[in-house]
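Notes follow once the structure below has been shown.
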Amino acid sequence: MLLKMVSYRRFRPIVLVFAALIGLMFSCAPDRGKPAVTKLPDETERKIRDGIRTMFPGAVTFEQYTDSLLFFLYAVHRIKPETILLGQSTCVDDVLNTKSPFNEHMVKGPFNFGGLGGLPFTGLTGLSAYAHHVPDSGAALLLVGPHIGYSEESGWGMLHREGQHEVTTCCGALVAALGKLEKGTLKVQDPREPDYQEQTLEQLALKHKGEILDSKVPLVTFTKLVNGEVQKIMSNLPRHEVHFRYVITIVGVIINTDFGYPDYIWVDKMSIYDLETEQYLKIMEK
Ligand SMILES: [Zn+2]
């Protein structure tokens, strides 16, 4: 059973009351056209969840996962949210921060490593800087992975964003690279300015061309490949002669859904490493 970490969610009641008032205001306001800010039917939510789980079995809502993780860290290991610094190698897409469930907790951060697609373009220097910022005797919490949209009306790779009438691509950077791969317009080259990040993703797509294009949903396959690349780079976090105690690593894919619906996370690997005892306290792998 997923447990809620109520004690660390001081602001949630205020937010919910405020949201209810705003909802009431909108329900009384004249029709402003779509998107409507209303409670969505459970049936639609179930359809989205089931659609997501066809490609990401076991995916849970990002909010449920975050609540359970923080509860577990405190209940079992006495790691308090305020002693954790979130470091995320996720895409620069604003949707990841505006809907991040970590915003509701006392977790510090995020320190952002990711550029387009979630690849940690800040490199080893970014990892070193982050390590210096973790609270004393606290925990480094690394959230590692790309994202993908799943729209109820348009499926994989699309998203209905707040304040917009039409759906847009998500992850736009991966969709753009995949589009060029499918058209056969990509060629081997060193990524260079002024579009260094996108070209890095394009070269990755080109390297795995057969695997991506032969798969059932190429964008999902490409997203999972990017996930592997992000992991490789993020495993270089300094672990010796540091002032903090734990390294918590969550590797997976964040699945963003239409505005008004919960986002999901599919966790590929999760680990908690105690730097003091030099032991893994927990490891979970798919
Ligand atoms: Zn993106």
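A compact table of results
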read-out: Whichever residue in segment 263-283 is of a type in the set (Val, Ile, Thr) and touching a residue at least 24 places away in the same chain (Cβ under 8 Å) and, among such residues, is nearest to GLU229 (Cα to Cα); value: VAL267
read-out: Candidate set from segment 161-177 (those that are within 16 Å of VAL220 (Cβ to Cβ) and not in a helix (DSSP H, G or I)); member that is farthest from the ligand (Cβ to nearest atom); value: THR169
read-out: Any hit, segment 80-89, residues being within 18 Å of the chain's Cα centre (by Cα), within 16 Å of the ligand (Cβ to nearest atom), among the small types (Gly, Ala, Ser) and in a strand (DSSP E or B); value: yes
read-out: Failed item, numbered, when ASP94 is tested on (1) touching a residue at least 12 places away in the same chain (Cβ under 8 Å); (2) surrounded by fewer than 20 Cβ atoms within 10 Å (Cβ to Cβ); (3) under 20 Å from TYR261 (Cα atoms); value: (1)
read-out: Options GLN203, GLN279; residue that is over 22 Å from THR90 (Cβ atoms) and either surrounded by fewer than 19 Cβ atoms within 10 Å (Cβ to Cβ) or among the aromatic types (Phe, Trp, Tyr) (or both); value: GLN279
read-out: Among (1) aliphatic (A, V, I, L, M); (2) closer than 23 Å to GLY51 by Cβ; (3) under 19 Å from the mean Cα position of the chain (by Cα) - the single one LEU213 does not satisfy; value: (3)
read-out: Restricting segment 97-121 to residues that are polar (S, T, N, Q) and within 16 Å of the ligand (Cβ to nearest atom), the residue that is surrounded by the fewest Cβ atoms within 10 Å (Cβ to Cβ); value: THR98
read-out: Filter result (in a helix (DSSP H, G or I) and in contact with a Phe, Trp or Tyr (Cβ under 6 Å, 6 or more places away or on another chain)) within segment 206-234; value: ILE212, LEU219
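Bear in mind these aren't lab numbers, they're just calculated from the coordinates by the rules spelled out. Because the structure is predicted, anything quoted here is derived from the model rather than measured. Cβ coordinates were reconstructed from backbone atoms using ideal geometry, including for glycine residues, and neighbour counts include every protein chain displayed.
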